[in-house]
1. Tell me the residue from THR90, THR47, THR117 that is of a type in the set (Val, Ile, Thr), at pLDDT 80 or above and under 28 Å from ILE167 (Cβ atoms), please.
2. Checking ASN233 against (1) of a type outside the set (Lys, Arg); (2) in contact with a helix residue (DSSP H, G or I) (Cβ under 8 Å, 6 or more places away or on another chain); (3) assigned to a helix (DSSP H, G or I): exactly one of these is not met. Which one?
3. Scan THR145, THR117, THR127, THR88 and give me the residue that is without any contact (Cβ under 8 Å) to a residue 40 or more places away in the chain, under 16 Å from the mean Cα position of the chain (by Cα) and farther than 25 Å from LEU293 by Cα.
4. In region 199-230, what residues are closer than 13 Å to ASP304 by Cβ and out of contact with any helix residue (DSSP H, G or I) (no Cβ under 6 Å at 6 or more places or on another chain)?
5. Taking GLU100 and the conditions (1) part of a loop (DSSP other than H, G, I, E, B); (2) acidic (Asp, Glu); (3) surrounded by 15 or more Cβ atoms within 10 Å (Cβ to Cβ), which numbered condition does it fall short on, given that it satisfies the others?
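The values are calculated or read from the model by the stated rules, or taken from the named source; none is laboratory data. Keep in mind that this is a model prediction, so the values were computed, not measured. No Cβ is skipped: glycine too gets one built from the backbone with ideal geometry, and neighbour counts run over all protein chains shown.
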Amino acid sequence: MAKGEGAPKPKRKGLVVALLAASATFSLFLIAGLAWAWSVYYSPGPTARQGDTTVVTLPSGSGVSAIAATLKNAGVIRSVDMFKAAATLTGADRRLRAGEYEVPTRASLKTVIQLLTDGRVVRHFVTIPEGWSSAQAVGILNGETILTGTIDAVPEEGSLWADTYEISRGETRASVIARMQRDAERNLAELWARRGPNTVVRTPEEAVILASIVEKETGVARERPRVAAVFSNRIRLGMRLESDPTIIYGITKGRPLGRGIRLSELRRDTGWNTYLIDGLPPTPIANPGRQSLEAVLNPPTTQDLFFVADGTGGHAFARTYAEHLANVSRWRAIEAGKAPPAEALPPGVVPGAPPPGAAATEEAAPPPLTGESVITMQAPGALTPQRAPANQ
């Protein structure tokens, strides 16, 4: 019996050996598999098909499978399954972010996943400068190739908020216009609520019209309140605004004129020419910025009624027409490239300055140095220039 009881021992020993061998084999395969996965995870990925990067856009709401398929189709990863496995094992599958990405050529799987979890998306911006017309704003958006769709009609003048906007690839141009209009409505409401007692505008719409003129008259921020005060004083006294940019807008509807204003254009009744119409023009002549709106809604108290370019990019302001004529003479001398002699400025008689009632004396004046037009404000009570039909 003692011998029989010990007989099964070699069987058990063989089973243990077999199990150990199988375990060792599995471990080897596991180690090999992990080494392979490690190598795939960290090794360089595919070469970009063009250039040094590949642009990939992941739509919002995309799952891991859809993201993996998009990356594979773009040539950014080699295997959909490996991406899904790596994302799952690292926990990245719950942190992948939508957006537009620039993936470097030969980026490893680890780099791609890290880009997507960090949300290092490509950011695009478009700027609508203050004082640009709605037609010019449409031109800017049409030039942005990442945007889609068309703008069926130019938005109303003054309805866009001049600012820098972040845009996304594939976003429609119409949606960007809608954002600009919403911003304009919101900001105008906030500024209107803070208007001061010195403002002459009666409605938010009038504020935008007058602010657009202020915006076009000067690019110097510190001058905008004073320019707004000049126009406010003129409105209170029943004087015409006599703003050169309104002449230009009636001709080009917001496009640059590219030359000086002609006498025939001064006389042309376009509906916006404030040398010929009383009060404000029917619409804004541009999309004004915040500072111009604030200046119109809270103008300082001054006695200024005139201004003209001073040759430095700013303007010389005057309370009387005699002072204005002296400033005009200095400006014309600067245009001509000569210094104005002090003795050449007798009160009331200024060589080169337009006489009261005549804002231009030549059909086509020489273009000024800073792009300012050569028309100047008239004497108080001066006769309106003879009108010419709007279609001339």
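1. Within the list THR90, THR47, THR117, the selection yields THR117.
2. (2) is the only condition that ASN233 fails.
3. Numbers: THR117 fails: under 16 Å from the mean Cα position of the chain (by Cα); THR127 fails: farther than 25 Å from LEU293 by Cα; THR88 fails: under 16 Å from the mean Cα position of the chain (by Cα).
Going through THR145, THR117, THR127, THR88 in turn, the sole match is THR145.
4. GLU223, ARG226, ALA229, VAL230
5. It is condition (1) that GLU100 fails.
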